Amino acid sequence: MNIDILILLFVLIFLIYALYREIFHPAATFMIAVSILVVAGILEPSEALAGFSNEQIVIIVLLLLVSSIVQKTKIIDFYFSKILKEELSYRSFLGKMMLIVSSASAFLNNTPIVAMLIPYVYEWGKKKNIAPSKLLIPLSYAAILGGTVTLIGTSTNLVVNGLTVDNGLKAFDVFDFAYVGVPAVIAGFLYMMILGNKLLPSREDLLKSYLQRKKEYTVETIVKADSELIGKSIKEAKLRNLKGLFLVEIVRKDKNIYPVSPEEVLEKGDILIFAGETEAITDLISSNIGLSLPETCNIREEISQIIEVVVSNNSSLVNKKVRDTDFRAKYDAAILAVHRNGEKLKGKIGEIVLKPGDLLLLLTGKDFMKRAEDTTDFYIVSKVKDVVNIDKKKGSLILFSFIGIVILSTLKVISLFSGLLIFLAALVITKTITYAEVKRSLDINLIIIAAFSIAIGKAMLDTGTADLIASSINDIFSGFGVVGTLVGIYIITNILTEFITNIAAASIAFPIALASASSLSVEPTAFILAVAYGASASFISPIGYQTNLMVFGVGNYKFSDFLKVGLPLSLIYMVICITILSVIFL
């Protein structure tokens, strides 16, 4: 084993560990990994940056832009509202939701679809007195399943296709993924309708359960200099029995007082940490008992409303302290409270380090909705955007023009890259969208991850690291033949995707799959597709796929809920995948 292989194995271990532990932002983690490989001489600078000029990576960028444009027209909202009506029964709503979401996710990026539907589904359940936990995992699963039907349904397929082309192999067509994807969608639908919905927990949404579990949502207040509370004990100030609130701790000159005694005497400048429901928090901050919010929560104009949002996986807020987010300046809103599933947060709100999936209560100013429209830092949960002033003709024209481009590319009339580029240029020329909107819609983090994943894949193949790992896998599964090795590749990819990002899992597993196929002297298509499907089929962990993370906190789920509901589906998906790939390609 030479020094290059040892360095690359170290980089892979670092990559997996750092992504799992969320030490850095995922894009930064990939950048560090590739930088080490360049400094070590394993990659040339041109090789490290080659992914940014890869056609499939550019197609990812173009598709994200198109998805963002379609989303802004609100035409999808309009069609969803016509199909997912309030009078539907639970099973009817569940079935129609899964079918329409999986169909839409086959052609549009599934993350914005889930983001768009979370408030709608949440409010539908609320009106029908059905727990969000009975609806939101199926929403995420439907989006994941639908994304695997086509080349453009998920960025994972496009990254795998980019790696395929980069290694001199024939690119996949748009519907080459449908052979496994369509049967998997049908099987997933039947599973959720027959068994999966019965395994879903019926757990109260967070807004209802705060009264029972008060310590899970925290808000920070300060005893003002002229407060009538100064010199009074907690008992005298009647802060022990506030309706819907619980005094968790006091921070006094960097000293934490926890638990708080009823006899504790309040002093000027004391920071009181409460936990409780949103209505009680609103009453507390609007009262005149002498408590104020931290400086970071002061919004100059009159507060319009309190809104609940969930932090996204690629958010620029991740791993930042609340006080360092500059949230008020960016969004005309202040972070009032933070909820993290299953974790009791203590200390000052400003010192809390934000994580993907955190729920935030925001005090919003009048410009919040306008500023939040283009962000991917978070997704709105508690406010349903009314479908008003929709230009149905314009929205439908954009949507069906995009579908037409996909059809034309499938028929080889025009390449997908050229079609999308012409489409976006036409939208800018006709002033349907502005150049500024195009810039705001770019997901730079995803572009960096996708481009650098190709560089890591190349390094694994060039150094022989992929051959070394593939040889070990072949030795383990050699008794089961080629199909056994295919199963091994799928399982390794699927395990990786449950603990790190799906694109990272694909980029690590792809060169191993290619080396395995080469050592077995078989055509590599089945192994490549096994990586694509294995990297996307994240059903048993809330952290493996962004849509799972988005619904995790909102649905008030536990980690075990995904394992309970997702494990049978994951096994069904694997059987379908391996069986069909073996029959068609081996």
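Miscellaneous remarks
- From the list Val61, Val38, the one residue that fits, being farther than 23 Å from Tyr435 by Cα, modelled with pLDDT of 80 or more, of a type in the set (Val, Ile, Thr) and out of contact with any Cys (no Cβ under 7 Å at 6 or more places or on another chain), is Val38.
- Criterion (among the small types (Gly, Ala, Ser), within 23 Å of Lys85 (Cα to Cα), surrounded by 21 or more Cβ atoms within 10 Å (Cβ to Cβ) and under 18 Å from the mean Cα position of the chain (by Cα)) met by exactly one of Ser155, Ser140: Ser140
- Every residue from region 362-380 that is in contact with a Leu (Cβ under 6 Å, 6 or more places away or on another chain) and modelled with pLDDT under 80: Leu363
- Residues located in region 22-33, provided they are aromatic (Phe, Trp, Tyr) and either in a helix (DSSP H, G or I) or within 12 Å of Ile500 (Cα to Cα) (or both): Phe30
- Region 287-324, residues that are β-branched (Val, Ile, Thr), touching a strand residue (DSSP E or B) at 6+ places or on another chain (Cβ under 7 Å) and either part of a loop (DSSP other than H, G, I, E, B) or modelled with pLDDT of 75 or more (or both): Ile299, Ile303, Ile307, Val309, Val310, Val311, Val318, Val322
- Residue match in region 541-557 (condition: closer than 23 Å to Gly196 by Cα, modelled with pLDDT of 90 or more and under 25 Å from the mean Cα position of the chain (by Cα)): no
- Out of Val160, Val149, Val70, sole residue that is over 17 Å from the mean Cα position of the chain (by Cα), over 22 Å from Pro201 (Cα atoms), of a type outside the set (Lys, Arg) and in a loop (DSSP other than H, G, I, E, B): Val149
- Extreme residue, surrounded by the most Cβ atoms within 10 Å (Cβ to Cβ), among residues of region 547-574 that are hydroxyl-bearing (Ser, Thr, Tyr) and closer than 22 Å to Lys126 by Cα: Thr547
- Close pairs (7 angstrom Cβ cut-off, 6 or more residues apart or separate chains): small (Gly, Ala, Ser) in region 1-27, surrounded by 13 or more Cβ atoms within 10 Å (Cβ to Cβ) and outside any helix (DSSP H, G or I) anywhere: Ala18/Phe24
- Residue within region 402-411 that is touching a Ser or Thr at 6+ places or on another chain (Cβ under 7 Å), aliphatic (A, V, I, L, M), buried (at least 18 other Cβ atoms within 10 Å of the Cβ) and in a helix (DSSP H, G or I) present: no
- When Ala142, Ala131 are checked against the criterion of being modelled with pLDDT under 95 and farther than 22 Å from Gln56 by Cβ, Ala131 stands alone in meeting it.
- Taking each residue of region 425-437 that is without any contact (Cβ under 8 Å) to a residue 12 or more places away in the chain and looking for partners that are exposed (fewer than 11 other Cβ atoms within 10 Å of the Cβ) and not in a loop (DSSP other than H, G, I, E, B) with beta-carbon atoms closer than 8 Å, six or more apart or interchain, yields Val428/Tyr435.
- Among residues that are in contact with a Ser or Thr (Cβ under 8 Å, 6 or more places away or on another chain) and in a helix (DSSP H, G or I), Leu19 is included.
The values are calculated or read from the model by the stated rules, or taken from the named source; none is laboratory data. None of these values were measured; they are calculated from a predicted model. Cβ atoms come from the backbone with ideal geometry, glycine included; neighbour counts cover every protein chain shown.
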